[in-house]
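Here it is: the structure, laid out below.
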Amino acid sequence: DAKTTQPPSMDCAEGRAANLPCNHSTISGNEYVYWYRQIHSQGPQYIIHGLKNNETNEMASLIITEDRKSSTLILPHATLRDTAVYYCIVRVAGGSQGNLIFGKGTKLSVKP
Amino acid sequence: KAGVTQTPRYLIKTRGQQVTLSCSPISGHRSVSWYQQTPGQGLQFLFEYFSETQRNKGNFPGRFSGRQFSNSRSEMNVSTLELGDSALYLCASSPGTSTFEQFFGPGTRLTVL
């Protein structure tokens, strides 16, 4: 089973920030938080990852709480093209890379 | 750099047949993973190959198998197809060492009639 809990769906107005929460209360000290998204009928796309510090890249920001039991993915200015299912995944880094365990994710709908 | 390619993109088979799907990873990537996506079960990990060896395996029956060639290209095979094998099969590649990003292909849509 996935080690994360996400709301099944969220709406966001175009141009506003989309804040997607994820609970991972059983995360281990050596597990990272990854975010992927899947636009309809396409393969998943990596967004960002982090261990305990907040991270930012050209796509999004990742805020991880100090106790690491939850995190929030922030899309600062959502566009219609950001409509997708967003997956939060926790796993260790290194070694076998293949076995990402996807939960049901959050379906984000960006509306004009 | 070219992305991950999968062939064919669409496939229709009948129950009892077997099927082979192909995946070409990004140049230089040594790890190839396969996933099955269905509306009911979501995205599920099938197996991972690294340098021609299966490095990890998900919880699927033995009808699902795979292999990787010396050029890192990978194939997966499903024998004795069942209706429930209808799914989107996704392939992902990564360099295979400590890395965080897997690059997914567009998938092969398999329909079993």
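The values are calculated or read from the model by the stated rules, or taken from the named source; none is laboratory data. Please read these numbers as outputs of a predicted model, since none were measured by experiment. Using ideal geometry, Cβ is built from the backbone for each residue, glycine included, and neighbour counts are taken over all protein chains shown.
Quick check, is B:Val112 touching a residue at least 24 places away in the same chain (Cβ under 8 Å) and in contact with a helix residue (DSSP H, G or I) (Cβ under 6 Å, 6 or more places away or on another chain)?
In short, yes.
Give me a count of the residues in region A:1-14 that are in contact with a strand residue (DSSP E or B) (Cβ under 9 Å, 6 or more places away or on another chain) and either surrounded by fewer than 16 Cβ atoms within 10 Å (Cβ to Cβ) or of a type in the set (D, E, K, R) (or both).
8
Kindly list, by first and then second residue, each pair from a residue in region B:69-81 that is free of Cβ contacts under 8 Å to residues at least 60 places away in the same chain to a residue that is not in a strand (DSSP E or B), limited to pairs with Cβ atoms under 6 Å and residues at least 6 apart or on different chains.
B:Ser72/B:Pro25; B:Ser72/B:Arg30
Could we say that B:Asn77 is surrounded by fewer than 16 Cβ atoms within 10 Å (Cβ to Cβ) and within 10 Å of the chain's Cα centre (by Cα) here?
Yes.
So, of the residues in region A:28-80 that are loosely packed, with under 15 Cβ neighbours inside 10 Å and closer than 22 Å to B:Pro39 by Cα, which turns out to be nearest to the other protein chains (Cβ to nearest Cβ)?
For region A:28-80, the residue satisfying everything is A:Ser41.
Output the strands (runs of 3 or more DSSP E) that fall wholly within region A:1-87 and possess 2 or more residues being of a type in the set (Lys, Arg) and without any contact (Cβ under 8 Å) to a residue 60 or more places away in the chain, or say none.
Where strands (runs of 3 or more DSSP E) fall fully within region A:1-87, none carries at least 2 residues being of a type in the set (Lys, Arg) and without any contact (Cβ under 8 Å) to a residue 60 or more places away in the chain.
Mind counting the residues in region B:93-113 that are modelled with pLDDT under 95 and more than 7 Å from every other protein chain (Cβ to nearest Cβ)?
Selection size over region B:93-113: 4.
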